[in-house]
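The values are calculated or read from the model by the stated rules, or taken from the named source; none is laboratory data. Everything quoted here is computed from the prediction, not taken from an experiment. Counting neighbours? That spans all protein chains shown, and the Cβs are built from the backbone with ideal geometry, glycine included. Quick note on the areas: whole protein, heavy atoms, side chains included, nothing else; ligands and nucleic acids left out. Shrake-Rupley method; radii C 1.70, N 1.55, O 1.52, S 1.80 Å.
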Amino acid sequence: MWGGRFAEGPSAIMREINASIPFDKALWRQDIAGSRAHVAMLAAQDIVGAEDARAIDEGLQTIAAEYERDGVPEDWDLEDIHMTVESRLAELVGPVAGRLHTARSRNDQVATDFRLWMREAMLRAEAGIEALQRALVGRAQEHAETIMPGFTHLQTAQPVTLGHHLLAYYEMTRRDRSRFADARARMDECPLGSAALAGTGFPIDREATARALDFARPTRNSLDAVSDRDFAMDYLAAASQCAIHLSRLAEELIIWASQPFGFVRMPDTLSTGSSIMPQKKNPDAAELVRGHAGRIIGCATALMVTMKGLPLAYSKDMQDDKPPVFEAAGLLDLCLAAAAGMIADSRFEVARMRQAAELGYATATDLADWLVREADIPFREAHHITGTAVRLAESRGVALDALSLDEFKGIDSRIDERVFAALSVDASVAARASYGGTAPDQVRQRVAEARSELGMDE
């Protein structure tokens, strides 16, 4: 490939450190697609003869069939997927194979291949997110009225509905999905034809190759085109944010599945047992989703650190761009599938959730609000009165609405029997009817909007 400049071949160390075929063989479909588009353009521009172009294209199709059937061979002397394909093409069609590399470099070739692969990865992520969203929305609709404690600081705060809680993750995943869509729009430019760094003197048609590969347009600067990996970092940034959301969801499922909470029973298909404790049902899928988030974030950091000090244009450091992206994409696809399965197939313990909401003084804010609204007491004073009531109920081991009217009046004489209507968990969630609130009617409205966004009723 480049031996004419060198008197000696690479050492064993150089051969090993330089070879990328063990991982970039994953790009073989994209590499062949790019080569077919390139040779078709060369023929259309009369840069390569029609007969030679036809032989090259047929050879590339043969290679694609071989790789689909047998996998990609790993010859480290050929370094990468580009030379692996070109070498096999030469075996199939002879010296004419050498015409394929006219007006291109491995620099623009790999940038094109990688963008094509990343586009598919982004579409997979969006599809995985949509599957999770459908599960969240379906369960939110089912549990629009299911009452559970809402938490701040992991302490009982106010009653909420389970549907409202699940829709919070729907909103997170909406943003996640939009980040991947935005990243796809930004990367919708084709580097092919940028050559090594300066473009080419051949009369190529970059618009034609961009169209053939389903890009919106060619890149506008050859230096940037071959050295840009923003699209990969965009993917990893979006994947990291998505993984953080999945990790938070997984953490809640882990906590809820524990015996002290008992809010959810995880599906057997996404749980494991213990080698020594027969009673155990471990939420391992959720724990692995939580753990994989760290690896995905690490992949993003790895590529950013690799890119941070590189001068224009291409440097060999950029060979290390693909392993973290491939790793993160595989992990994210798996985590999304696991999360969708856990949400769809878990059994929520409705009675236990309600009991926890009733016993956690979750309606204390409702008492304070009632004092403000009905007794015209300033909120800070109402807060103090409510705290006293909670302390009394806690000392007796009962819920707030189990206190008698006399006990309430002993705390503050302005409290009357109307207060009990505000102290049930049902009244509490029903009162939170502001837009985006936890009231069942609000949850149903948000579910309807989400179902429309997802096309679930079409």
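Some observations on this one:
- For region 314-337, the condition holds for at least one residue, the condition being that it is closer than 23 Å to N18 by Cβ, part of a loop (DSSP other than H, G, I, E, B) and either in contact with a helix residue (DSSP H, G or I) (Cβ under 7 Å, 6 or more places away or on another chain) or not acidic (D, E) (or both).
- Listing of helices (runs of 4 or more DSSP H) fully contained in region 167-284 that carry 2 or more residues being over 17 Å from N107 (Cα atoms): 206-212, 230-257
- Candidates H82, H38 - the one that is within 30 Å of the chain's Cα centre (by Cα), part of a helix (DSSP H, G or I) and surrounded by 23 or more Cβ atoms within 10 Å (Cβ to Cβ): H82
- Tally of residues being open to solvent by 50 Å² or more (accessible area, probe 1.4 Å) and without any contact (Cβ under 8 Å) to a residue 12 or more places away in the chain across region 317-333: 1
- Number of the exception - Y314 against (1) modelled with pLDDT under 95; (2) within 30 Å of A427 (Cα to Cα): (2)
- Residue match in region 154-169 (condition: modelled with pLDDT under 95, farther than 19 Å from D366 by Cα and either open to solvent by 30 Å² or more (accessible area, probe 1.4 Å) or among the aromatic types (F, W, Y) (or both)): yes
- For region 87-135, the set of residues classified as within 35 Å of the chain's Cα centre (by Cα) and without any contact (Cβ under 8 Å) to a residue 40 or more places away in the chain consists of R106, E120, A127, listed by residue number.
- Residue selected from region 41-62 under the condition touching a residue at least 60 places away in the same chain (Cβ under 8 Å) and not in a helix (DSSP H, G or I), by the criterion farthest from the chain's Cα centre (by Cα): I47
- Among residues of region 170-189, those that are crowded, with 18+ Cβ neighbours inside 10 Å and over 30 Å from S227 (Cβ atoms), counted: 3
- Residue check for A302: assigned to a helix (DSSP H, G or I), of a type in the set (A, V, I, L, M, F, W, C) and open to solvent by less than 20 Å² (accessible area, probe 1.4 Å): no
- Looking only at region 412-458, and only at residues there that are hydroxyl-bearing (S, T, Y) and in contact (Cβ under 8 Å) with a residue 60 or more places away in the chain, the one that is nearest to L136 (Cα to Cα): T438
- Top-ranked residue in region 334-359 [being closer than 23 Å to L403 by Cβ and out of contact with any strand residue (DSSP E or B) (no Cβ under 8 Å at 6 or more places or on another chain); ranked as most open to solvent (accessible area, probe 1.4 Å)]: L359
- Selection of first residues in region 254-273 that are without any contact (Cβ under 8 Å) to a residue 24 or more places away in the chain and of second residues that are part of a loop (DSSP other than H, G, I, E, B) and surrounded by 20 or more Cβ atoms within 10 Å (Cβ to Cβ), restricted to Cβ pairs under 8 Å at least 6 apart or on distinct chains, gives the following pairs, ordered by first then second residue: W256/F263; S271/P283.
- You will find that of S404, S428, S452, S413, the residue that is under 44 Å from the mean Cα position of the chain (by Cα) and surrounded by fewer than 17 Cβ atoms within 10 Å (Cβ to Cβ) is S452 and no other.
Okay, residues lined up against (1) in a helix (DSSP H, G or I); (2) charged (D, E, K, R):
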{"site": "P73", "(1), (2)": "no, no"}
{"site": "E86", "(1), (2)": "yes, yes"}
{"site": "L89", "(1), (2)": "yes, no"}
{"site": "P95", "(1), (2)": "yes, no"}
{"site": "A111", "(1), (2)": "yes, no"}
{"site": "W117", "(1), (2)": "yes, no"}
{"site": "E130", "(1), (2)": "yes, yes"}
{"site": "Q133", "(1), (2)": "yes, no"}
{"site": "L136", "(1), (2)": "yes, no"}
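- Restricted to region 123-153, and to residues there that are more than 18 Å from M172 (Cβ to Cβ), in contact with a helix residue (DSSP H, G or I) (Cβ under 7 Å, 6 or more places away or on another chain) and of a type in the set (A, V, I, L, M), the residue that is surrounded by the most Cβ atoms within 10 Å (Cβ to Cβ) is M148.
- Put simply, of F348, F326 the only residue that is more than 23 Å from F180 (Cα to Cα) and modelled with pLDDT of 95 or more is F348.
- Residues of region 230-264 satisfying the condition of being of a type in the set (A, V, I, L, M) and open to solvent by 20 Å² or more (accessible area, probe 1.4 Å): M233, A237, I244, I254, I255, A257
- Checked against the criterion of being hydrophobic (A, V, I, L, M, F, W, C), within 24 Å of the chain's Cα centre (by Cα) and open to solvent by less than 50 Å² (accessible area, probe 1.4 Å), region 219-229 has no qualifying residue.
- Filter result (crowded, with 19+ Cβ neighbours inside 10 Å, farther than 11 Å from L100 by Cβ and among the aliphatic types (A, V, I, L, M)) within region 48-73: I63, V72
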